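A short worksheet on the structure shown next.
Since every read-out is calculated from the coordinates, none of them should be taken as a lab result. Treat the numbers as computed from the prediction; the structure is a model and nothing was measured. Every residue, glycine as well, gets a Cβ built from its backbone with ideal geometry; the counts of neighbours run over all protein chains shown.
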């Protein structure tokens, strides 16, 4: 009988897992969508995100003995995924080419507006905002992406990036101020403060 409802954390805490297939199925069931979304938000390419997501779980299964049962599995998998994304970007010698990320992730909110002009202004503001996010250095860009695009808590972002929570708060604050300053006169300064207000 195939069991896919057992949470991987429970499998690892309660038993010495010898059934790698069951563990793989459980990890994929519970975390694939989250890891794929994370990879997609960094790579901006669905095929690349698929590859990284799959590689994340292959790597996780190979290194499962390094995982400390009872700790944050999502953060552990996210750390692997981010490292794989970084490796992929370095190998390709490609700069991050994210475009209109916020407008795509927030398209539902824009669609609810009845005023076409307001929709257009919001769309343009989002696009301008995220073009500016892409210009941030990695140590400020990644916390923004993890916190506001992927919805991770500050604690999870800190765990994934392996820095103190205070540092994440500081980097988010610095990035939001820098974005607001860069976008003065672009009719999106207030949007930056609205989106990144903690």
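The stretch between residue 45 and residue 58, if pulled fully straight at 0.36 nm per residue, gains 2.7 nm over its current Cα-Cα span.
Using the per-residue mean of other Cβ atoms lying within 10 Å as a proxy for protection, in what order, highest first, do the peptides 168-175, 134-141 fall? Provide the component values of the computation, followed by the final result.
Numbers: 168-175: 18.2, 134-141: 14.5.
Per-residue mean Cβ counts within 10 Å order the peptides as 168-175, 134-141.
Between residue 86 and residue 28, take the C-beta separation as r, use R0 = 25 Å, and let me know the FRET efficiency to the nearest 0.05.
The computed FRET efficiency comes out at 0.65.
Placing R0 at 25 angstrom, the Cβ-Cβ distance between residue 72 and residue 124 gives a FRET efficiency of 0.10 after rounding to 0.05.
If the segment from residue 65 to residue 131 were pulled out straight at 0.36 nm per residue, it would be longer than the present Cα-Cα gap by 19.7 nm. Quick one: pull the percentage of alpha-carbon pairs in the range 8-92 with a separation above 16 Å. Of all Cα-Cα pairs in the range 8-92, 48 percent lie more than 16 Å apart.
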